[in-house]
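Shown next, in structure tokens, is the structure this report addresses.
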Amino acid sequence: MDEAPRPAPAAPPSRRHFRFAARQRPRFQGQSFNRLIPNILTLLGLCAGLMAMRFALEGRWEPAAGLIILAGAIDGLDGRLARLLKATSRFGAEFDSLADFLSFGVAPAMVLYLWTMHDYRGLGFVPCVMFAVCMSLRLARFNAALDAGPMPLPGPPPKPAYAQSFFTGVPAPAGALLGMFPIFAALAFEGWGLPGLAGAVRHPLFVGLLLIVVALMLVSTLPTWSFKNFKVRREYVLPLLLSIGAYAALLVSEPWAALAAAGLIYCGMLPFSFRSYLRLKRETEALIQPLPPAPGESATPSP
């Protein structure tokens, strides 16, 4: 009997190569959070100016003045952080200028009007308006010097190299510091038990004249140090550090006196800043010499 045919052996299973597709994480369109930090700081400075006006409406002068100083400290940080994080933009510059106008122009003028200038009614309102208007003109002049792209904005010509370390006029935070000097001095005198001196610096005539002078300094062409490229000689490093430490101790123990002293110190630095600017200008002009005449040409031009 014939044997049944054996079934053919099963072919080995073929090896198939499976490729698993890489999992794709969803990508969100937007900016990095690090690039938003300068704008967040600018927003906080704007909120500080708004809160200062609120406290002024409630007659709480100490927190109102302190919030304006806080806005100045924030303004000194947001620009430097934007340059360090490479997050500078035209939007940030415009937003910073608008926040500066409110925190250093509108808020100090409103605080001072509610603090003492309202005693002179409409006449006392004029210096406050002049201060805010000059602050806006100062910021507009600064923005006009920015280059938005291939087409430069109309504005003053670019500064020479020696003038890059100087502002044109008093900057906005320093103007607010000088304008708020009467409040700082009055609070310090009241804390020392000197109501006569506190009433003298609170007089609307003194505050009005000071606001007008500061307003003119804001829109002036006075060169003032920007401290961006400021260099200190070696022999002055130790005295400078000791002075900063002493001022920090005064700021903790007597904050209003320290802030009033800061305004006086800044005013005392303005003549030295102007002298330094003139010295650098003379040195630069001395280096620029006319080219010698070419061979065959006369030194004096022909009529």
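The values are calculated or read from the model by the stated rules, or taken from the named source; none is laboratory data. Worth saying up front: this structure is predicted, and the values here are computed from it rather than measured. A quick note on method: Cβ atoms are made from the backbone with ideal geometry, for glycine too, and the neighbour counts reach across all protein chains shown.
Conditions (1) at pLDDT below 95; (2) outside any helix (DSSP H, G or I); (3) surrounded by fewer than 16 Cβ atoms within 10 Å (Cβ to Cβ); (4) touching a Pro at 6+ places or on another chain (Cβ under 9 Å), marked per residue:
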| site | (1), (2), (3), (4) |
| --- | --- |
| 31 | yes, yes, yes, no |
| 35 | yes, no, no, no |
| 39 | yes, no, no, no |
| 42 | yes, no, no, no |
| 51 | no, no, no, yes |
| 54 | no, no, yes, no |
| 59 | yes, yes, yes, no |
| 68 | no, no, no, yes |
| 73 | yes, no, yes, yes |
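Give the residue, chosen from 207, 201, that is without any contact (Cβ under 8 Å) to a residue 60 or more places away in the chain, more than 20 Å from residue 72 (Cα to Cα), touching a Pro at 6+ places or on another chain (Cβ under 6 Å) and surrounded by 11 or more Cβ atoms within 10 Å (Cβ to Cβ). Being without any contact (Cβ under 8 Å) to a residue 60 or more places away in the chain, more than 20 Å from residue 72 (Cα to Cα), touching a Pro at 6+ places or on another chain (Cβ under 6 Å) and surrounded by 11 or more Cβ atoms within 10 Å (Cβ to Cβ) holds for just one of 207, 201, which is 201. The residues listed here are 237, 252, 214; of these, the one that is part of a helix (DSSP H, G or I) and closer than 24 Å to residue 114 by Cβ is 214. In this structure, is residue 192 out of contact with any Cys (no Cβ under 7 Å at 6 or more places or on another chain) and either at pLDDT below 90 or over 24 Å from residue 257 (Cβ atoms) (or both)? The answer is no for residue 192. Assessment of the stretch 95-103 against the conditions (crowded, with 19+ Cβ neighbours inside 10 Å, under 12 Å from residue 39 (Cβ atoms), charged (D, E, K, R) and within 15 Å of the chain's Cα centre (by Cα)) yields at least one matching residue.
Being hydrophobic (A, V, I, L, M, F, W, C) and in contact with a Leu (Cβ under 8 Å, 6 or more places away or on another chain) is a property that holds for residue 65. Looking only at the stretch 218-238, count every residue that is within 20 Å of residue 174 (Cα to Cα) and at pLDDT 80 or above and tell me the total. Qualifying residue count for the region: 9. Kindly check whether there is at least one residue in the stretch 76-89 that is crowded, with 18+ Cβ neighbours inside 10 Å, of a type outside the set (Gly, Ala, Ser) and in a loop (DSSP other than H, G, I, E, B). No, that holds for no residue. Of all the residues in the stretch 172-198, those that are in contact (Cβ under 8 Å) with a residue 40 or more places away in the chain, under 26 Å from residue 130 (Cα atoms) and part of a helix (DSSP H, G or I) number 14. Among the residues of the stretch 219-231, are any more than 23 Å from the chain's Cα centre (by Cα), among the basic types (Lys, Arg), more than 26 Å from residue 67 (Cβ to Cβ) and surrounded by fewer than 14 Cβ atoms within 10 Å (Cβ to Cβ)? Within the stretch 219-231 (the criterion being more than 23 Å from the chain's Cα centre (by Cα), among the basic types (Lys, Arg), more than 26 Å from residue 67 (Cβ to Cβ) and surrounded by fewer than 14 Cβ atoms within 10 Å (Cβ to Cβ)), the answer is no, since none of the residues qualifies. Pairs are defined by a Cβ separation below 9 Å, a sequence spacing of at least 6 or placement on different chains, a first member in the stretch 238-256 that is under 22 Å from residue 66 (Cβ atoms), and a second member that is assigned to a helix (DSSP H, G or I) and of a type in the set (Asp, Glu); the pairs so defined are 256/62; 256/190. Just wondering, is there one or more residues in the stretch 155-169 that are modelled with pLDDT of 90 or more, assigned to a helix (DSSP H, G or I) and of a type outside the set (Ser, Thr, Tyr)? No, the stretch 155-169 contains no residue that is modelled with pLDDT of 90 or more, assigned to a helix (DSSP H, G or I) and of a type outside the set (Ser, Thr, Tyr). The selection criterion, being under 21 Å from residue 34 (Cβ atoms) and hydroxyl-bearing (Ser, Thr, Tyr), does not hold for residue 116. Given 270, 278, 291, which one is within 27 Å of the chain's Cα centre (by Cα), modelled with pLDDT under 90 and over 23 Å from residue 190 (Cα atoms)? The conditions single out 278. Residue check: is residue 247 under 21 Å from residue 165 (Cβ atoms) and surrounded by 10 or more Cβ atoms within 10 Å (Cβ to Cβ)? Here the answer is no, as residue 247 does not meet what is asked.
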